[in-house]
Amino acid sequence: LTAKEKSLLSALEPRAASEGVEIAAVIVGSKKAPTIRVYIDAAGGISFDELARTQSWVGDVMDELDPFPGAYMLEVSSP
């Protein structure tokens with residue numbers, strides 16, 4: 001993991017634990033087209049409703065962290 005990926009993972013893990021999901025991976029794309037991909041998992045799998053809820057709070061955490069200057073793409077998915 002890159003330093004930025006480690007930082008984002010550390011910021012997301014406590015909230016994920018309280019939400020009952022596990023952060024399986026955080027992948028940061030290039031600076032030219034900034035993208036943050038967050039993969040989540042849980043015992044029994046992830047539903048579409050869980051993805052929507054997770055997208056919301058992950059977005060809130062990213063807004064607080066402001067990981068890139070300007071705009072970036074945030075994707076939340078399950079492996």
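The values are calculated or read from the model by the stated rules, or taken from the named source; none is laboratory data. What you see is a predicted model, and the numbers here were worked out from it, not measured in a lab. FYI the Cβ positions are ideal-geometry reconstructions off the backbone, even for glycines, and counts take in every protein chain you see. SASA here: full protein model, heavy atoms, side chains in, ligands and nucleic acids out. Shrake-Rupley method; radii C 1.70, N 1.55, O 1.52, S 1.80 Å.
Considered as a group, the residues in segment 27-60 that are touching a residue at least 40 places away in the same chain (Cβ under 8 Å) and open to solvent by less than 30 Å² (accessible area, probe 1.4 Å) include one that is farthest from the chain's Cα centre (by Cα), and that residue is GLY29.
On inspection, SER18 qualifies as over 14 Å from MET73 (Cβ atoms), more than 8 Å from the chain's Cα centre (by Cα) and among the polar types (S, T, N, Q). Do the conditions hold for ALA24, that is, is it of a type in the set (A, V, I, L, M, F, W, C), open to solvent by 40 Å² or more (accessible area, probe 1.4 Å), modelled with pLDDT of 95 or more and within 13 Å of the chain's Cα centre (by Cα)? It is true that ALA24 is of a type in the set (A, V, I, L, M, F, W, C), open to solvent by 40 Å² or more (accessible area, probe 1.4 Å), modelled with pLDDT of 95 or more and within 13 Å of the chain's Cα centre (by Cα).
Those residues that are under 12 Å from LEU8 (Cα atoms), assigned to a helix (DSSP H, G or I) and among the hydrophobic types (A, V, I, L, M, F, W, C), I need them from segment 34-67; list them, please. Correct list: VAL58, VAL61, MET62, LEU65.
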